[in-house]
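See below for the structure under consideration.
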Amino acid sequence: MAKLKVIAACGSGMGSSQIIKMKLEKVFKKLGLEAEIYHTNVGDAKSQANNYDVVFCSESLIGTFTGTKATVIGLKNLLAEKEMEEKIKANIIDKA
Amino acid sequence: MAVWEFFQNNILTKPAFFIGFIVFAGYALLGKHWYECLAGFIKGTVGYMILNVASGGLVGNFRPVLAGLKDRFELSAAVIDPYFGQAAAQASVENIGRSFSMMMMVLLIAFTMNILLVLFRKYTKIRTLFITGHVMVQQSSTALWLVLFCFPGLQDPQVVIMLGILLGTYWAVASNLTVEPVAKLTEGGGFATGHQQMVGIFLVSKLAKKIGDPKKSLETLHLPGFLSIFNENMVATGVLMTIFFGTIITILGPDLMHQIDKGFGAKQNFGFYILEKSLNFAVYLTILQLGVRTFVSELTNSFQGISEKLLPGSVPAVDCAATYGFGHPNAVTFGFLFGAFGQFIAIMGLIVFNSPILIISGFVPLFFDNATFAVFANRLGGIRAAAIIPFFSGMIQVLGGGFAAYHFTTGNFGGWHGNFDWDTLWPIVGVIMENLQYVGVAAVVIILLAIPQIIYQRNKDTYFVIAEDFDKYKEIMAKKQGVPVEQVVID
């Protein structure tokens, strides 16, 4: 699989999105996937989403991204590596 | 001596380079390549320089409005928002000729203090490490100004050490208070909250069940769709600032604004002048956040690494938005709305009762504090608690923030930190420091450190279990309640 381009997004683009990013880096490494992860706020993420493969954000923000070409993955627990792993498998690996 | 002086004049008292060198040194210690260290140095330094441009812009954009309010009504004004607060704190510190670099040293000492408290958790009962970088920068800034305000004669090294201990104790103790509420909300999510309303979360977790009924939850509610535009910071700030500054500048009138603001062109329409002025705040806030994000991501990365390597078993205390996924999306919007009602009513109250300071709602406290409170309140006290608590929180934010901005004079530069803990706990700490000086600081640290001890004494059997293994915690509680695990009630 080619190197994935990933956005991690949250309301302000400061706290939560960076936590998602740090956890994702570990999970992608564990799954043997190469990924380049950028973290930012939802507004910025929305305008750039079409240039990326995957968007990760809190489940409550999924509605913001309707109509984008990228795969949007909503997370319940932003720190749960297990949840990320399952959702990456279901939405990225199995569909590739 | 000459070397030290050179270092002091060019690096130590220049926050941009100081931060750059800290990132450089941190990366070097982690054994990264020289080019990664260099990249870190540039990102740290440029990030801070961006922040500086935005802070100056924010305060400068506000200046004519402040002058107008002073001229016409003898009023000062402050936006209660951590970014405005940080800019106003920086302006206050520099205004008395002190170096803002101390902010960064305070942050590092406070973080070290938090690490020590967790390392010795057998004695201190502290389970959490505060790692929310941008919040640490904001709080170090505001707290630095509070200490300089209360101890104007104190030398830099003493300021930094004393405040580092005080702030680090607050980070540890207050985030530790959120362990139980967050673990129960998230069913053992493995984190705590390290943000700006930690004392507030603890209070909500104690009050909510007395106020309402969790069975009457707000999940059935249908909220209007237009509210979703407030999900975006830039849009929300633009709307809020246009409402507030639009009203203020309209009252001040075009003639006065022409006199005091050179930026108001002779041929420019008054309405568009107002719009430009208001939206400028969204511009500077966006730039400020870019600056903070640039240098803070370097910091947070290493903090996270430290917490995983050095302190296994400790709980990371992170941004409050991490809890939103565990509440219904309605709770977040609901908290924001009722917080806004509370704030607007309190602001009317300030005007009616001739307060010497006018408060302007900032987006961050309005949204993030009250949305968080609503998420916790809804779980324990349903729709009633999720409405009443943010409403009163909004009022407290305005009144506490108004007191602080006026008393600690950051209102002169148009801002105060404004988040819940900084409208309640910290103004009190400030007044204690001002009146009792060193005795006051010592008393605050001792009282704070006693809090985890009290909670531990009350729940010896579950205190560490709830943070480490939530299933085991449920088993213990089920045994206590005499029911099977599936029926255990956790509130």
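Taken over the range A:40-78, residues that are in contact (Cβ under 8 Å) with a residue 24 or more places away in the chain, more than 25 Å from B:Thr237 (Cβ to Cβ) and among the hydrophobic types (A, V, I, L, M, F, W, C) amount to 3. Checking B:Ile357 against (1) modelled with pLDDT under 90; (2) over 25 Å from B:Pro224 (Cα atoms): exactly one of these is not met. Which one? Only one criterion in (1) modelled with pLDDT under 90; (2) over 25 Å from B:Pro224 (Cα atoms) is unmet by B:Ile357, namely (1). Within the range B:306-338, the residues that satisfy the criterion of being at pLDDT 85 or above and among the polar types (S, T, N, Q) are B:Ser314, B:Thr323.
Answer yes or no as to whether B:Ile389 is surrounded by 24 or more Cβ atoms within 10 Å (Cβ to Cβ), of a type in the set (Val, Ile, Thr) and farther than 18 Å from B:Asn330 by Cβ. It is false that B:Ile389 is surrounded by 24 or more Cβ atoms within 10 Å (Cβ to Cβ), of a type in the set (Val, Ile, Thr) and farther than 18 Å from B:Asn330 by Cβ.
At positive phi, free of Cβ contacts under 8 Å to residues at least 24 places away in the same chain and either of a type in the set (Asp, Glu) or assigned to a loop (DSSP other than H, G, I, E, B) (or both): does that describe A:Gly13? So A:Gly13 does not fit the description; no. Among the residues of the range B:345-365, is there at least one that is within 19 Å of B:Gln196 (Cα to Cα), crowded, with 24+ Cβ neighbours inside 10 Å and within 12 Å of chain A (Cβ to nearest Cβ)? Taking every residue of the range B:345-365 in turn, at least one turns out to be within 19 Å of B:Gln196 (Cα to Cα), crowded, with 24+ Cβ neighbours inside 10 Å and within 12 Å of chain A (Cβ to nearest Cβ).
Looking at this structure, is B:Ala317 outside any helix (DSSP H, G or I), in contact (Cβ under 8 Å) with a residue 40 or more places away in the chain and in contact with a Ser or Thr (Cβ under 9 Å, 6 or more places away or on another chain)? Criteria met by B:Ala317. When B:Lys70, B:Lys32, B:Lys43 are checked against the criterion of being among the charged types (D, E, K, R) and either at positive phi or crowded, with 17+ Cβ neighbours inside 10 Å (or both), a single residue qualifies: B:Lys43. Looking at the structure I just gave you, is B:Glu276 within 14 Å of chain A (Cβ to nearest Cβ) and either more than 30 Å from B:Pro329 (Cβ to Cβ) or of a type outside the set (A, V, I, L, M, F, W, C) (or both)? No; evaluated as a whole, the condition is false for this residue. Restricted to the range A:76-93, and to residues there that are in a helix (DSSP H, G or I) and in contact with a strand residue (DSSP E or B) (Cβ under 8 Å, 6 or more places away or on another chain), the residue that is nearest to the other protein chains (Cβ to nearest Cβ) is A:Glu83. Within the range A:20-33, is there a residue that is acidic (Asp, Glu) and under 20 Å from B:Gly133 (Cα atoms)? Yes, the range A:20-33 has at least one match.
Selection of the range B:20-56 for residues being closer than 24 Å to B:Gly415 by Cα and either touching a strand residue (DSSP E or B) at 6+ places or on another chain (Cβ under 7 Å) or of a type in the set (A, V, I, L, M, F, W, C) (or both) yields B:Met49, B:Ile50, B:Leu51, B:Val53, B:Ala54.
When the criteria are applied in full, B:Gly189 meets the requirement of being within 14 Å of another protein chain (Cβ to nearest Cβ) and not in a helix (DSSP H, G or I).
Of all the residues in the range B:306-330, those that are more than 9 Å from chain A (Cβ to nearest Cβ) and more than 18 Å from the chain's Cα centre (by Cα) number 11.
When B:Thr424, B:Thr462 are checked against the criterion of being modelled with pLDDT under 95, surrounded by 15 or more Cβ atoms within 10 Å (Cβ to Cβ) and not charged (D, E, K, R), B:Thr462 stands alone in meeting it. Of all residues in the range B:256-274, exactly one satisfies the criterion of being closer than 28 Å to B:Pro82 by Cβ and surrounded by fewer than 16 Cβ atoms within 10 Å (Cβ to Cβ), namely B:Gly263. Taking the criterion of being in a helix (DSSP H, G or I), at the interface with chain B (Cβ under 10 Å from one of its Cβ atoms) and buried (at least 18 other Cβ atoms within 10 Å of the Cβ), the residues of the range A:49-75 that qualify are A:Ser60, A:Leu61, A:Thr64.
Kindly evaluate B:Leu163 against the criterion of being within 20 Å of the chain's Cα centre (by Cα), under 27 Å from B:Gln289 (Cβ atoms), in the same structural domain as B:Arg293 (by TED's automatic domain parsing) and surrounded by fewer than 22 Cβ atoms within 10 Å (Cβ to Cβ). No: the conditions fail for B:Leu163.
Among the residues making up the range B:418-435, those that are touching a residue at least 24 places away in the same chain (Cβ under 8 Å) and assigned to a helix (DSSP H, G or I) are B:Phe420, B:Asp421, B:Trp422, B:Asp423, B:Leu425, B:Trp426, B:Pro427, B:Val429, B:Gly430, B:Val431, B:Met433, B:Glu434.
The values are calculated or read from the model by the stated rules, or taken from the named source; none is laboratory data. Just so it is clear, the structure is predicted and the values come from calculations on it, not from any experiment. Reconstructed Cβ throughout: ideal geometry from the backbone, glycine too, with neighbour counts over all protein chains shown.
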